[in-house]
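To keep things clear, I will list the structure first and then write my remarks on it.
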Amino acid sequence: MSDTKMPAIFDGHNDVLSKLYRAGGMAAAESFVAGRDGALDAAKAKAGGFAGGFFAVYIPSPFDFDAKFHEMTKAAYDMSLPEPIDWEDALPVAMTQAAVLFDLERRGALRVCRSVADIRAAMEAGVPAAIFHIEGAEAIDPDLHTLDVLYQAGLRSLGPVWSRTTIFGSGVPLRFPSDGNIGDGLTDLGLRLVARCGELGIMIDLSHLNEAGFWDVARHSTKPLVATHSNVHAICPHARNLTDAQLSAIRESDGMVGLNFAVAFLREDGRMLNDVPLEQMIRHLDALIDKVGEDRVGLGSDYDGAVMPEGLETVADLPKLREAMMRHGYDEALMTKLCHANWLRVLEKTWGS
């Protein structure tokens, strides 16, 4: 890892697999090792003290990302949910991205971790620890057979939805100002998915669920409530952010929230503009610590999936954030918790090892 004395960062969310998929899939995997024009690769991870995190498999919708981000620079916006994606169309995409993840492991660029012991061993060895995560469960069939197979392959974390409807539930649109009280919650299949994930030890990620879905998981899951990449609605009233009531439920479940670096979820005005000072990120961290406690807060960057604050565009820039956190007064023990220890704690509670 980096030679900095700062604690290594284990991160709640990145989208490098979908970026590599769009760049050519298996043929693009080498760029993670050789260096790529993106937020995360092997060299940037070493430079930034990036110890690993949740590597998301995400099925892209056919829309123009540049147009989406431009719309989100406005003072208010309400972007409709993309059309659902059928299982038959989603599965090949998910398999390709998972194959890229395992190819990166074969190249020695990371280790796919199935337990907290695996994560600790990878961190000790200085190899990025990767959790196989799915963001939006379109690739899971109604009988959940795909879920069982993917678990055997290493899947350990899953978000039932991205910002579009699945057979399992509804997500929140990119809407500002708004809360997440939009649409119905989990379907009967969604409740079955939550139950089966609990049996297997697959963490449920709440970050893209609407409020009804969030509360359905809270009522039916026996595991800690976790939002891998979400921020504070009281600071930034975006549909993607968490209300005080949701944060209280996460605290009561002994769960976890990862700070999302995406600028639209940090700024008070909800705009996708990158002139966001580090102090605004720390403001969210302070609020999260106040609402859920210092043992339940970490980082969930959304690198390679969103617009990042100026100066924090890649994982190589992470020392700047840690330096700002230390200047703010976070001591060594709190820094260790926020940078990685809290993620390991909640995963141990969820996975049981």
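The values are calculated or read from the model by the stated rules, or taken from the named source; none is laboratory data. Treat the numbers as computed from the prediction; the structure is a model and nothing was measured. FYI the Cβ positions are ideal-geometry reconstructions off the backbone, even for glycines, and counts take in every protein chain you see. With ligands, DNA and RNA removed, areas are computed over all heavy atoms of the protein, side chains included. Shrake-Rupley method; radii C 1.70, N 1.55, O 1.52, S 1.80 Å.
Computed on the stretch 58-174, with alpha-carbon pairs under 8 angstrom and 6+ residues apart, the relative contact order is 29 percent. In the stretch 130-210, Cα pairs under 8 Å separated by at least six residues give a relative contact order of 33 percent.
Taking a straight line from the alpha carbon of LYS337, these lysines sit under 27 Å away, with near neighbours fewer than eight places off in the same chain left out: LYS5, LYS44, LYS46, LYS223, LYS291, LYS320, LYS349.
The chymotrypsin sites (Phe, Trp or Tyr not before Pro) of the stretch 61-125 that meet both conditions, a loop assignment by DSSP and at most 12 other Cβ atoms within 10 Å of the site Cβ, are PHE63.
The stretch 264-321 and the stretch 8-50 have Cα centres lying 19 Å from one another. Counting protein heavy atoms only, the stretch 120-222 has 49 percent of its accessible area on carbon and sulfur, 1.4 angstrom probe. Applying 0.36 nm per residue to the separation of MET95 and ASP254 and subtracting their alpha-carbon distance, the gain on full extension is 54.0 nm.
Here the label points at GLU332 and ALA67, each 7 Å from Cα along the C-beta direction, are separated by 5.4 nm in the simple model. Protein-only accessible surface at a 1.4 angstrom probe places the residues LEU40, LEU189 in the order LEU189, LEU40, largest first. Here the spin labels are modelled as points 7 Å beyond Cα on the Cα-Cβ line, and at ARG219 and ASN274 they lie 4.3 nm apart. Put simply, the amide H of ASP205, placed in the peptide plane, has neighbours under 5 Å in LEU158, GLY159, leaving out anything fewer than 5 places away on its chain.
Just to verify a number: FRET efficiency for LYS5 and PHE102, C-beta to C-beta distance, R0 = 41 Å, to 0.05? For LYS5 and PHE102, the calculated efficiency is 0.80.
For the stretch 146-156, putting each phi into the Karplus relation 6.51 cos²θ - 1.76 cosθ + 1.60 with θ = phi - 60° gives couplings of 4, 4, 4, 5, 5, 4, 4, 6, x, 4, 10 Hz, in residue order, rounded to whole numbers and with x for Gly and Pro. Taken one residue at a time, the phi angles of the stretch 212-226 give Karplus couplings (6.51, -1.76, 1.60, θ = phi - 60°) of 4, x, 4, 6, 5, 5, 4, 6, 10, 8, 9, 9, x, 7, 10 Hz. Gly and Pro are set to x.
Amide H contacts for THR166 (H built 1.01 Å from N in the peptide plane; partners 5 or more residues away or on another chain; cut-off under 5 Å): GLY171. For the chain, the solvent-accessible area of protein heavy atoms averages 37 Å² per residue (probe radius 1.4 Å; ligands and nucleic acids excluded). Of all segments of the chain bounded by GluC sites (Glu not before Pro) found in a DSSP loop with no more than 14 other C-beta atoms within 10 Å, the longest spans 1-267. By a straight-distance test (C-alpha under 12 Å), which aspartates and glutamates pair with LYS74 as possible cross-link partners, with residues fewer than eight away in the same chain excluded? Within reach: ASP269.
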